[in-house]
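The values are calculated or read from the model by the stated rules, or taken from the named source; none is laboratory data. All values derive from a computational prediction rather than experimental measurement. When we count neighbours, we look across all protein chains shown, and the Cβ atoms used for this are built from the backbone with ideal geometry, even at glycine.
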């Protein structure tokens, strides 16, 4: 399956120091063997797997209609949102 063409849409993510170090370790020790040329390649692959998982779980395996940039509330989670998220994990 050919990779989707990248465009000017972007979403940034921040990682804990430990997670960032582990991403770099993957690249250093098995990145080429696993097909990851960069941290971005690794993170994109992980996100695509998670997208497919939640699509299967919540949307019968189908994609949802896209949400364009600016279509979400900006900023960090509220305390209540963080607490609710942590209660489910």
* Conditions (1) surrounded by 10 or more Cβ atoms within 10 Å (Cβ to Cβ); (2) assigned to a helix (DSSP H, G or I); (3) modelled with pLDDT of 95 or more: number failed by residue 64 -> (2)
* **Filter result (surrounded by fewer than 10 Cβ atoms within 10 Å (Cβ to Cβ) and assigned to a loop (DSSP other than H, G, I, E, B)) within the range 70-79** => 70, 71, 72, 73, 74, 75, 76
* **Selection from the range 51-61 of residues that are surrounded by 10 or more Cβ atoms within 10 Å (Cβ to Cβ) and outside any loop (DSSP other than H, G, I, E, B)** => 51, 52, 53, 54, 55, 56, 58
* Structure fact -> Pairing a residue in the range 42-55 that is closer than 15 Å to residue 26 by Cβ with any residue that is assigned to a helix (DSSP H, G or I) and at pLDDT 95 or above, where Cβ atoms lie under 9 Å and the two sit 6 or more apart in sequence or on different chains, gives 42/23; 42/26; 42/27; 42/31; 42/34; 43/23; 45/34
* To do: Inspect all residues belonging to the range 20-31 and state whether any of them is in contact with a helix residue (DSSP H, G or I) (Cβ under 6 Å, 6 or more places away or on another chain), in a loop (DSSP other than H, G, I, E, B) and at pLDDT 95 or above.
  => no
* Only one of (1) in contact with a helix residue (DSSP H, G or I) (Cβ under 8 Å, 6 or more places away or on another chain); (2) modelled with pLDDT of 95 or more is not met by residue 53, so which one is it? -> (1)
* How about the range 32-45: which of its residues are assigned to a helix (DSSP H, G or I) and loosely packed, with under 12 Cβ neighbours inside 10 Å? -> 32, 33, 40
